[in-house]
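Every read-out reported here was derived from the displayed coordinates using simple, explicitly stated rules and does not represent laboratory data. Everything quoted here is computed from the prediction, not taken from an experiment. For neighbour counting, all protein chains shown are included, and Cβ atoms are generated from backbone atoms with ideal geometry for every residue, glycine included.
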Amino acid sequence: MLMRQRIDFHKASSFIAAIVHQTVEMSKPQKKFISWVLITWVMLPVRHNFLNLFRYSNGQYCEKSIRHQFGCKIPFINLFLVAFKDLKRKENVAAFDPSYIKKSGKHTYDKGRFWSGKDQQTKEGLEVSCLSIVDVADRTAYSMEVVQTPSGKDSTLIEHCVEVIEKRL
């Protein structure tokens, strides 16, 4: 059992390293960091924050470096396109799903009133919209992008959804 887990982990880490290496829009240090953090993130047995990432880095990164790397823009869409390039040959459907997140506090960015499907009413909090590609044959959805929904002061919710879908598809 343990041997099988090691083989699976090695396959997953090789897959991640290959995808990150094929992505052109990242610098060499950023590629190294992304490969490291994606593997380390899965293995962390504690709360996920910068300090704990530093503690489990074995001296590879200091906390300031980790904060700096997370402050840089990461081209997740390009990573997705490299990882799932075989989906282009299959029958796919785009799925868009907004999700309500309960949030309190006076200083939360873009907090507003959003529809909660669970409670069947609008509630105070945040909303994120997930754009996914659904492989029809495998009946599997692959999350492509998650975007925080603006609280509606500048544009309507429909305009935001259309903008996200048109931008990525």
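Laid out as a table, the results:
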item: Test item: Cα-centred dipole of the range 2-78, Lys/Arg +1 and Asp/Glu -1 on Cβ, debye; result: 100
item: Over the chain: helical MRE at 222 nm, DSSP H runs n ≥ 4 each giving -39500 (n - 2.57), nearest 500; result: -13000 deg cm²/dmol
item: Spacing of the two label points (7 Å from each Cα toward its C-beta) at N52 and S14, in nm; result: 3.0
item: Separation between Cα centres of the range 15-70 and the range 121-154, rounded to whole Å; result: 25
item: Given [x] 25, 17, 16; [y] 52, 36, 14; [z] 31, 23, 17, the label whose value is semi-axes √(5λ) of the Cα gyration tensor in Å derived from this model; result: [z]
item: Sorted largest first, extent of the range 1-80 alpha carbons per principal axis (Å); result: 39, 29, 19
item: Extension reserve of the E25-T108 stretch, reckoned as 0.36 nm per residue once the Cα distance is removed; result: 26.7 nm
item: Peptides ranked, highest mean first, by Cβ atoms within 10 Å: ranges 74-81, 119-126; result: 74-81, 119-126
